[in-house]
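The values are calculated or read from the model by the stated rules, or taken from the named source; none is laboratory data. Just so it is clear, the structure is predicted and the values come from calculations on it, not from any experiment. Don't worry about glycine lacking a Cβ; one is built from the backbone with ideal geometry, like all the others, and counts go over all protein chains shown.
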Amino acid sequence: MAEPSLDTLLRDIRACRLCEGELPHDPRPFVAAAPAARVLIIGQAPGSKVHASGICWNDDSGDRLRGWLAMDEATFYDPARVALMPSGFCYPGKGSGGDLPPRPECAPRWHAPFMALLPKVRLTLLVGQYAQKRYLPKGFAPNLTEAVRRFADAPEGLFPLPHPAWRSRLWMARHPWFEADVLPELRRRVAKALAQNV
């Protein structure tokens, strides 16, 4: 049987109802990509603003992430340059301390076939603990802070980042090395990946 095209897979993901009944609202999966994408951003899960707007990273976290990347919205939302895939594709709803964790059904079902159809990706950004736990080697770091601090030791093509939620401002104040050391290298690698023609 022939492999599905990326367009077919994107349509299937957007029609997914695996977690229907587990959500406090109708499923609304979010994903964006084109076969030419050079950078893949694997995040956590859409927030309530993204769920309402229908646009990935269309919130304060997205603004902060684009600032970290030194990337304008036109580039960020160009699927032929940047692919966007959360760990959980639907907004999981609110918990006592903020948004609930990403639904666990999404990544095992959709991540591998999605990534297989992005052959030109040169850099994958692992934004937050859920993406890092899934894609960094077991035992790579004891926590998110150490994973980000050890970004240079991550497997080739992977770059761990904290989640850019409002709390990240407090985290950055406690860890000034992130802005001094990590962000310049992140921006260099993103620019290099986007410039590659192979």
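Tabulated values for the structure
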| quantity | calculated |
| --- | --- |
| Those residues of segment 108-130 which are more than 12 Å from the chain's Cα centre (by Cα) and of a type outside the set (Phe, Trp, Tyr), in sequence order | 108, 109, 112, 113, 115, 116, 117, 118, 119, 120, 121, 122 |
| Qualifying residue in segment 58-76 (condition: touching a Phe, Trp or Tyr at 6+ places or on another chain (Cβ under 7 Å), in a loop (DSSP other than H, G, I, E, B) and at pLDDT 90 or above) | no |
| Those residues of segment 158-178 which are part of a helix (DSSP H, G or I) and over 26 Å from residue 97 (Cβ atoms), in sequence order | 177 |
| Selected residue (criterion: nearest to residue 41 (Cα to Cα)) from residues of segment 169-190 that are hydrophobic (A, V, I, L, M, F, W, C) and without any contact (Cβ under 8 Å) to a residue 60 or more places away in the chain | 182 |
| Condition check for residue 159: among the hydrophobic types (A, V, I, L, M, F, W, C) and either in contact with a Gly (Cβ under 9 Å, 6 or more places away or on another chain) or crowded, with 19+ Cβ neighbours inside 10 Å (or both) | yes |
| Every residue from segment 29-59 that is crowded, with 18+ Cβ neighbours inside 10 Å and of a type in the set (S, T, N, Q) | 44, 58 |
| Cβ pairs under 9 Å, 6+ apart, first in segment 97-125 and more than 19 Å from residue 196 (Cβ to Cβ), second surrounded by fewer than 18 Cβ atoms within 10 Å (Cβ to Cβ) and of a type in the set (Lys, Arg) | 98/167; 100/94; 107/134; 111/134 |
| Count of residues meeting criterion [in a helix (DSSP H, G or I) and within 17 Å of residue 189 (Cβ to Cβ)] in segment 103-157 | 9 |
| Positions within segment 24-36 being in a loop (DSSP other than H, G, I, E, B) and closer than 22 Å to residue 163 by Cα, in sequence order | 28, 29, 30, 31, 33 |
| Single condition residue 179 does not satisfy, out of (1) loosely packed, with under 11 Cβ neighbours inside 10 Å; (2) within 21 Å of residue 60 (Cα to Cα); (3) among the acidic types (Asp, Glu) | (1) |
